[in-house]
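Reviewing the structure listed below.
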Amino acid sequence: MTPASLEQTRAAVKSIVREEWGRVLASLVGQLRDFALAEDVLQDAVVAALGHWPRDGVPARPRAWLLQTARRKAIDRLRRDANFQVKRAELAVLHEFDRQAGQDDVDETIADERLRLIFTCCHPALAEAARVALTLRTLGGLATEEIARAFLVPEATMVQRLTRAKRKIKTAGIPYEVPEPELWAERLGSVLSVIYLIFNEGYAATTGEAPTRGELCREAIRLGRILAQLVPGEPEAAGLLALMLLHDSRRVARSDAQGNLITLEQQDRTLWDRDLIAAGARLLEGALAQGSPGPYQIQAAISALHAQAPSYTATDWREITLLYGELYALQPSPVVRLNAAVALSFARGAEAALPTLADLERQGTLARYQPFHAAHADTLRRAGCKTAAANAYRQALALTRNAAERRFLEDRLGDVLG
């Protein structure tokens, strides 16, 4: 194999692992009942893949290969464990899984297993932030850095939260099962947050070459559909699914053939998926008819206004601004306030949003949040404040880990400097 083809194969391995990590780990955790062991043996399997696949070729069913290799790594570890007698039962279960599944067999129950483990991770014994973060790391396939950005905390803080949550699940003996329906309500908010944040990372990727990660968007929508079927009378579950469908209808248009980011203003609206827009609108209408609007329904309503506008200039920014005001009343976070300010800048002019953006900058909560600096820079640019815009673009670039986003910001910086 030539160095070039070897590098291509390694890149393919990394891409597959990135896409399949959450699904394989969900199955392993369900079988091993041990988060730490599951993560360790999956990492062992990834190392094995990096060694074998460039030489032997990527297997036809790579997820199954990773799953079975990880199981066998777990068997080896349990055999070497000092408490081997205690581990006999776990070892017997793993042997049975290994006997039933051939190398290319995919565990067909993994989808249900993943949702089951989302409910498990969202156990009320865990703090809200910890349960959502752990689920995103374990089952969502998100890196700790990506989760930390979503929660607006340093990566080291997120590492500590994840470690404590995994330890508590193990020591408290939290069961690996979906709770009975009468107990779903106390976990539902966290489950919705998990699915929403998985989709968000797919729709606006923190790292990588492309601006989006389609596999995460598709998986979040799949989980959203299952959840909406589990709780058919829950308007927020329908609202979240509507929100994801409406956003996803525009995903393909967010980048060009070269992977460059395309802003909403410049997108080719003929590429938007009208079937998804219609499906999202129907779901939203049904949810709102129940008379209990929540954050996901309001966000879906905002997305619907974007998706159904005949053109960018015809977008009802005034209504979007009002909806963000309602959202902030329910969810008074700095990110919602940021989005409200951006909407205001289009409804009433860029200058109208600058005081809010300046106040958010003074507060410092969004200092490490790249989208804040990118939005601030764009608003300053449109307001004619070129020097301040250039400084904000530089701050955004310093926090950017996505290649497509970097190219876009560099172009904008060049425009204000030119």
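The values are calculated or read from the model by the stated rules, or taken from the named source; none is laboratory data. Because the structure is a prediction, the values reported are computed rather than measured. All Cβ positions, glycine included, derive from the backbone under ideal geometry; neighbour counts span all protein chains shown.
Which residues, counting only those in region 201-222, are more than 21 Å from VAL29 (Cβ to Cβ) and surrounded by fewer than 20 Cβ atoms within 10 Å (Cβ to Cβ)? Don't jump to the end; show me each part of the working.
Keep residues of region 201-222 that are more than 21 Å from VAL29 (Cβ to Cβ), which gives 202-214, 217-218, 221.
Correct list: ALA204, THR207, GLY208, GLU209, ALA210, GLY214, ARG218.
Taking LEU417, is it crowded, with 19+ Cβ neighbours inside 10 Å and out of contact with any strand residue (DSSP E or B) (no Cβ under 8 Å at 6 or more places or on another chain)?
Details: crowded, with 19+ Cβ neighbours inside 10 Å: no; out of contact with any strand residue (DSSP E or B) (no Cβ under 8 Å at 6 or more places or on another chain): yes.
So LEU417 fails the test.
Counting just the residues of region 223-243 that are among the hydrophobic types (A, V, I, L, M, F, W, C), surrounded by fewer than 22 Cβ atoms within 10 Å (Cβ to Cβ) and farther than 16 Å from GLY294 by Cα, which one comes out farthest from the chain's Cα centre (by Cα)?
Let us first name the residues in region 223-243 that are among the hydrophobic types (A, V, I, L, M, F, W, C), namely 223, 226-228, 230-231, 237-238, 240-243.
After this cut, where a residue has to be surrounded by fewer than 22 Cβ atoms within 10 Å (Cβ to Cβ) as well, the list is 226, 228, 230-231.
Then keep just the ones that are farther than 16 Å from GLY294 by Cα; that gives 226, 230.
On the way: ILE226: 17, LEU230: 21 Å.
Result: LEU230.
Scan the helices (runs of 4 or more DSSP H) fully inside region 112-211 and keep the ones with 3 or more residues being over 20 Å from the mean Cα position of the chain (by Cα).
On the way: elements: 128-138, 144-151, 155-172, 185-203.
Fully inside region 112-211 and qualifying: 155-172.
Considering only residues that are of a type in the set (D, E, K, R) and assigned to a helix (DSSP H, G or I), which ones fall in region 356-384? If you could, list the steps in order and put the result at the bottom.
As a first pass, look at region 356-384 and keep what is of a type in the set (D, E, K, R): 359, 361-362, 368, 378, 381-382.
Once the filter is applied, which keeps residues that are of a type in the set (D, E, K, R) and assigned to a helix (DSSP H, G or I), region 356-384 yields ASP359, GLU361, ARG362, ASP378, ARG381, ARG382.
Which of the residues belonging to region 214-253 are modelled with pLDDT of 90 or more, of a type outside the set (Gly, Ala, Ser) and assigned to a loop (DSSP other than H, G, I, E, B)?
Once the filter is applied, which keeps residues that are modelled with pLDDT of 90 or more, of a type outside the set (Gly, Ala, Ser) and assigned to a loop (DSSP other than H, G, I, E, B), region 214-253 yields GLU234, ARG250.
Considering only region 365-405, state which residues are exposed (fewer than 15 other Cβ atoms within 10 Å of the Cβ) and within 24 Å of GLU145 (Cα to Cα).
The answer is ALA367, ARG394, ALA398.
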